[in-house]
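First the structure, in the form of structure tokens, and then the observations on it.
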Amino acid sequence: MKRQRRTTGSIVEIDLKDGNYCYAQILEEGLVFFDLRTKGHLSDFEVLSDCSVLFFLSVYRDVISQGKWLKVGKLPIRKEFEVLPMQFIQDNLNPDRFELYDPNTGEITKTTKEKVIGLEPAAVWEANHVEDRLRDHYDDQPNIWLEQLKPQV
């Protein structure tokens, strides 16, 4: 694997190990994953400028620094990616207790289960779990890792 620096704006290529590739962009905090799957390598990254978003996630540092996902290009950060969406935290010891996490400020506030429905869980993901999630998305299958993180009560 190739060592590389985490550079804001860089595009990383995610090998789904089934002949398909997906792409994400490194943000100040986390990554944005684009709703695009290609057979073979993408050559024109400008297509990502108008591409819809699947989700925003944080991944472990080694995913980028150890070259598990290679940097293959760079684009300006879209204006709509400057403010990241809220995430949620569920208390494992008291599953009726929920909090909102603002990845832009680090602020955590109490909330209700109803207000976290549809939000991404505040978590740091392993590369292989994200790859599973992407494959499952395109295969229209539930993802075991995401299911485990959904609000439970």
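The values are calculated or read from the model by the stated rules, or taken from the named source; none is laboratory data. Given the structure is predicted, the values throughout are model-derived calculations rather than measurements. No Cβ is skipped: glycine too gets one built from the backbone with ideal geometry, and neighbour counts run over all protein chains shown. Just so you know, the surface numbers come from the protein's heavy atoms only, side chains and all, with ligands and any DNA or RNA stripped out. Shrake-Rupley method; radii C 1.70, N 1.55, O 1.52, S 1.80 Å.
Pairs from the table (LYS2/LYS71; LYS17/LYS150; LYS17/LYS68; LYS79/LYS110; LYS68/LYS150; LYS79/LYS150) lying more than 19 angstrom apart at Cα are LYS17/LYS150; LYS79/LYS110; LYS68/LYS150; LYS79/LYS150. Charge dipole (Cα centre; +1 on Lys/Arg Cβ, -1 on Asp/Glu Cβ; no other charges) of the chain amounts to roughly 520 debye. The GluC sites (Glu not before Pro) of segment 75-153 meeting both criteria, a DSSP state outside H, G, I, E and B (loop) and at most 15 other C-beta atoms within 10 angstrom of the site's C-beta, are GLU82, GLU107, GLU126.
Got a number for carbon plus sulfur as a percent of the chain's accessible area, 1.4 Å probe? Roughly 50 percent of what the probe reaches on the chain is carbon or sulfur. For segment 6-51, trypsin sites (Lys or Arg not before Pro) are listed when DSSP marks them as loop and at most 16 other Cβ atoms sit within 10 Å of their Cβ; the list is ARG6, LYS17.
For segment 1-54, the convex hull drawn through the C-alpha positions has a volume of 96 cubic angstrom per residue. Restricting the trypsin sites (Lys or Arg not before Pro) of segment 88-139 to loop positions (DSSP other than H, G, I, E, B) with no more than 14 neighbouring Cβ atoms within 10 Å leaves ARG97. Under the criterion of Cα pairs below 8 Å and six or more residues apart, the relative contact order for segment 37-153 equals 23 percent.
Charge tally for GLY19 (other residues, Cβ to Cβ under 14 Å; Lys, Arg +1; Asp, Glu -1): -1.
When mean projected area of the Cα convex hull in nm² is calculated for this entry, the matching label among [x] 9.5; [y] 10.6; [z] 11.0 is [x]. Ordering 8-14, 70-76 by mean Cβ neighbour count within 10 Å, with the highest value first, yields 8-14, 70-76.
Within the listed set ASP50, ASP35, ASP15, the residue fluctuating most in the Gaussian network model of the chain (springs between alpha-carbon atoms under 10 angstrom) is ASP50. Charge tally for GLU28 (other residues, Cβ to Cβ under 12 Å; Lys, Arg +1; Asp, Glu -1): -1.
Panel note: the C-alpha atoms of segment 77-126, placed on their principal axes, show extents of 38, 25, 19 Å (largest first).
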